[in-house]
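Engineer: Here's a structure for you.
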Amino acid sequence: MKKYLFILILIAGIITAQSCSKINGENSNTNSESSIPELLSINTNVGLETEREALLTAYDKAILTLKTNPQNLKAYLTLAQVFITEARLSGNTGYYNVAAVKMIDHVLEQKSTDKDINFEALTLKAGVLLSMHQFKDALDVANAAYKISEHNAQILGALVDANVELGNYAVAVQYCDKMVQLRPDIRSYSRVSYLRQIHGDNAGAIEAMKMAVEAGLPGAESTEWARVVLGDLLLMTGDINNATICYETALGLRKNYPYAEAGLGRLEKTKKNYAEAIKHTENAINTLTDVAFVNQLAEIYALKGDNEKAEEIYEDVVDLLEKGEKEQNKEDALVKHNGSRELASAYSHTNELGKALKNAQEDLALRPLNNDANELIAWIYYLDGDYTNAKMHADKMLSTNTKNPTTLYKAGLIYTKSGDTEKGKMLIAEAKEINVSISESLFLSSK
């Protein structure tokens, strides 16, 4: 791994180096003695102090409860929820997802007669499996929870997400409708937004995401995540001014929020302010080592004309993903991560198209109806010059009438090369009408 990016990743990784478990203000060994995973030190430079205090308090109270009553299953589920929350906040999903599953499986193994306990355990596990991209298993677990209780927004959300990932879009819409009727809040509105976007209703997607933001608590991670997604939707449709407001507001309400920093990086990239785009993207990486952020950094360098730096960073992404998959998929792992999609994309950037295709085929085999899986493999076939197979999957990636300009532009290139020049030109024109700046980065990617 190149020294340049290694330093950035090292800075981001420091937050996972120490334990911060405390009971009555002192470090406790109780958790390690009882085989309960540690809560690693929380990055105090990110987020709200009240959130950090709430996590620490919940963790410590659960530990204290288990010291006096080791059979308290609710305490184990509290720990699982703490780990799931911290996985999202810190990005250390490898450690915390395994920690959460350990707690959840302990509860399920007790075969409690308490339906509420079993329902909560299954619901939490479905969420972890989704995070690890084990979509079929997540759906199975979510269905098991749904049999216990059909009137819970969290499990309905898991059913929406799992069915979306598997390409069961009509079923996802049905569960989403139930979710909105049961609890019209940030969780349900954000899913409405995504499903509208999938089906080509960009204006409706923006409207629903605005409702999601308005339903949330300003400064909370879920709210500012929704605000950044709203910014992305606005940026996708060419509304730079309102996208700027979203990103800057999120960053103002949530200190050093990496997703907002990355959003500002995308914004400045669109404006061709590449130095600023690099600065914001590096700020995001310094806080959270997300592969999407690192890929974004490489793309910006490519647009800037520094292909050597871009290639170095893309190589770093491959190295990071390969090591991560090896670490998270050990033989004795409680839950394994499915990184085939991320690896396929990474290998395509380093021109290792054989490896890219292999991983894309693995991703597609798990979810053949999913638009994103078909788009990924279509693009890899295109880069490899196999325009017949590229077109076959391009047909599928447009099956829900998406109006994502990136998807439309890629499809336009594919149709043009496969001989359907008229349709190719039409799709490219449509993509540019939605977002006039869409062509440049894709042109670089298609060389």
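Engineer: Set Lys and Arg Cβ to +1 and Asp and Glu Cβ to -1, take the dipole of the chain about its Cα centre, and tell me which of CYS246, GLN134, VAL160 lies farthest positive.
Structural biologist: The listed residue farthest towards the positive side: VAL160.
Engineer: Provide the packing ranking of 117-126, 92-101, i.e. peptides ordered by the mean count of other C-beta atoms within 10 Å per residue, highest first.
Structural biologist: Peptide ranking by packing, descending: 117-126, 92-101.
Engineer: May I ask which of LYS355/LYS417; LYS102/LYS336; LYS326/LYS355; LYS102/LYS147; LYS271/LYS304 have a Cα-Cα span longer than 21 Å here?
Structural biologist: Violating the 21 Å Cα-Cα cut-off are LYS355/LYS417; LYS102/LYS147.
Engineer: About its Cα centre, what dipole magnitude does the range 183-255 give when the only charges are +1 on Lys and Arg Cβ and -1 on Asp and Glu Cβ, stated in debye to the nearest 20?
Structural biologist: Details: 8 positive and 9 negative charges, 45 e Å.
Dipole magnitude for the range 183-255 comes out near 220 debye.
Engineer: Set Lys and Arg Cβ to +1 and Asp and Glu Cβ to -1, take the dipole of the range 43-93 about its Cα centre, and tell me which of THR78, ALA58, ASN92 lies farthest positive.
Structural biologist: THR78
Engineer: Separate question: Assuming R0 = 35 Å, what is the FRET efficiency of THR57 and ALA292, from their Cβ-Cβ distance, to the nearest 0.05?
Structural biologist: After rounding, the FRET efficiency stands at 0.65.
Engineer: How far is helix 3-13 tilted, in degrees, relative to the longest principal axis of the Cα atoms in the chain, given as a value from 0 to 90 rounded to the nearest 10?
Structural biologist: 30
Engineer: About the Cα centre, and with charges only on the beta carbon of Lys, Arg (+1) and Asp, Glu (-1), how big is the dipole of the chain? Nearest 20 debye, please.
Structural biologist: Dipole of the chain, to the nearest 20 debye: 420 debye.
Engineer: If I stretch the segment between GLU49 and ASP395 completely, what's the gain in nm (0.36 nm per residue apart, minus their alpha carbon distance), one decimal? Show your work: numbers first, answer last.
Structural biologist: Working: separation 346, 0.36 × 346 = 124.56 nm, distance 4.84 nm.
Extending this stretch completely gives an extra 119.7 nm.
Engineer: What list do you get for HIS393, HIS151 if you sort them by fewest beta carbons within 10 Å?
Structural biologist: Result, fewest neighbours first: HIS151, HIS393.
Engineer: Express in whole angstrom the spacing between the alpha-carbon centres of the range 169-194 and the range 121-156.
Structural biologist: Their Cα centres are 15 Å away from one another.
Engineer: Pick the calculated mean projected area of the Cα convex hull in nm² for this structure from [x] 23.1; [y] 27.8; [z] 20.6?
Structural biologist: [z]
Engineer: Within 10 Å of each candidate Cβ there may be at most 10 other Cβ atoms; applying that plus a DSSP loop requirement, which GluC sites (Glu not before Pro) in the range 323-410 survive? Intermediate results must be reported in sequence, preceding the final value.
Structural biologist: Working: sites: GLU325, GLU327, GLU331, GLU342, GLU352, GLU362, GLU375; in loops: GLU331, GLU352.
Sparse-neighbourhood loop GluC sites (Glu not before Pro): GLU331.
Engineer: Given springs between every Cα pair under 10 Å in a Gaussian network model of the chain, which of PRO405, PRO184, PRO258 has the largest fluctuation?
Structural biologist: Between PRO405, PRO184, PRO258, it is PRO184 that shows the largest mean-square fluctuation.
Engineer: According to the square roots a ≥ b ≥ c of the eigenvalues of the Cα gyration tensor, what is the shape class of the range 369-447, taking rounded for a/c under 1.5, prolate for a/b larger than b/c otherwise, and oblate for the remainder?
Structural biologist: Numbers: a/c = 1.40, a/b = 1.20, b/c = 1.17.
Here the range 369-447 falls in the rounded category.
Engineer: FRET efficiency for LYS115 and LYS323, Cβ-Cβ distance as r, R0 = 35 Å, nearest 0.05? Can you show the working numbers first?
Structural biologist: Values: r = 41 Å, r/R0 = 1.19.
Calculated transfer efficiency: 0.25.
Engineer: By counting other Cβ atoms within 10 Å of each Cβ, how are GLU322, GLU422 ranked from fewest to most?
Structural biologist: Values: GLU322 14, GLU422 9.
So the ranking, lowest neighbour count to highest, is GLU422, GLU322.
Engineer: Now for a different question. I'd like the FRET efficiency for ASN241 and ASP185, computed as 1/(1 + (r/R0)^6) with the beta carbon distance as r and R0 of 22 Å, rounded to 0.05.
Structural biologist: That gives a FRET efficiency of 0.20.
Engineer: Can you order the peptides 129-142, 102-115 by their average number of other Cβ atoms within 10 Å per residue, highest first?
Structural biologist: With the highest mean Cβ count within 10 Å placed first, the list reads 129-142, 102-115.
Engineer: In degrees from 0 to 90, rounded to the nearest 10, what is the angle of the helix 186-198 Cα long axis to the longest principal axis of the chain?
Structural biologist: 20
Rule-based calculations on the coordinates, nothing more; no lab input. Note that the structure is predicted; figures quoted are calculated from it, not measured. With ideal geometry, Cβ positions are generated from the backbone for all residues, glycine too; neighbour counts draw on all protein chains shown.
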